[in-house]
Amino acid sequence: MWVVVPLKRFSAAKSRLAPILTGAERESFSQAMLNDVLHALKHSRRVSGIVVISHEARARYAVERVGGLFTKEVASGISNAMAQAGAWLAKHGQRGMLMIPSDVPLITSREIDHLIDSHEGAPAVSIVPDRENEGTNGLAVSPVDVISFAFGSGSFGAHKNMAMKAGIEPRVVHLSGLALDIDHPMDLTTLLTFENETESLAYLVDSGIADRVLHRHNSGQA
């Protein structure tokens, strides 16, 4: 299955981390998380292709380095990007696709393979919720336009409802690595409780951000 990774410009990403990370740090961290996601995709046996869709030109090298494709986003927003990617994939003979966000640094190739293996038949919709069962951190659809996309607040419930309205019982797949997307300072604290060998964790430690985050947490700041 082809995987689509929608990506914001690094300069616009992770604004909710501004209380603890500078603009330059947010850009570097966003790049590191993308690299971790692409690394997992590259080593997944069930991934047949990777597309990063974005206005961020610096992502081109990262995705091409792992044998993937970069395409420029036409309209802003994840939902629009996924519709654009789906149309391109359908034009090239692909019947399904999987959305993986760029900010899930703990994702593993094993999780990706499990998600694709569990997504069988067509029409079909498989959803990976975030840790709060609020957002959508993974979405496999077959065919590519089987439902509309509703990424944003409450997207997990929205995608489930769209599938059921289309007469499809959605598969809900809980995956711990994929469930942790990094949006808030508390997510950074959670990330630092893991010891995975990821570029994102290495960056946080080597840059001194980890010490800053843990000091903030131990001081009782949000």
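Throughout, read-outs are computed from the coordinates displayed, never taken from laboratory work. The structure presented is a predicted model; accordingly, all values stated were derived computationally and were not measured. As a convention, Cβ positions derive from the backbone with ideal geometry for all residues, glycine included, and neighbour counts pool all protein chains shown.
The alpha carbon convex hull volume per residue for the chain rounds to 111 Å³.
Its Cα gyration tensor gives segment 1-109 an equivalent ellipsoid, and the semi-axes of that ellipsoid, as √(5λ) in whole Å with the largest first, are 23, 16, 11. Amide H to amide H distances under 5 Å link residue 171 with 125, 126, 127, where only residues 5 or more positions off or on other chains count and H is placed in the peptide plane. Across all directions, the average projected area of the convex hull around the alpha carbons of segment 123-222 is 7.3 nm². Near residue 97, the amide H atoms lying under 5 Å from its own belong to 141; only residues 5 or more places off or on other chains count, and H is placed 1.01 Å from N.
Working ranking of peptides 179-189, 27-37 by packing, defined as the average number of other Cβ atoms within 10 Å per residue, highest first, is 27-37, 179-189.
Adding -39500 (n - 2.57) for every DSSP H run of four residues or longer, then dividing by how many residues the chain holds, sets the calculated 222 nm ellipticity at -12000 deg cm²/dmol. Cβ crowding within 10 Å ranks 88, 2 as 88, 2, fewest other Cβ atoms first. In the chain, the longest principal axis of the Cα atoms and the axis of helix 23-42 are about 40 degrees apart.
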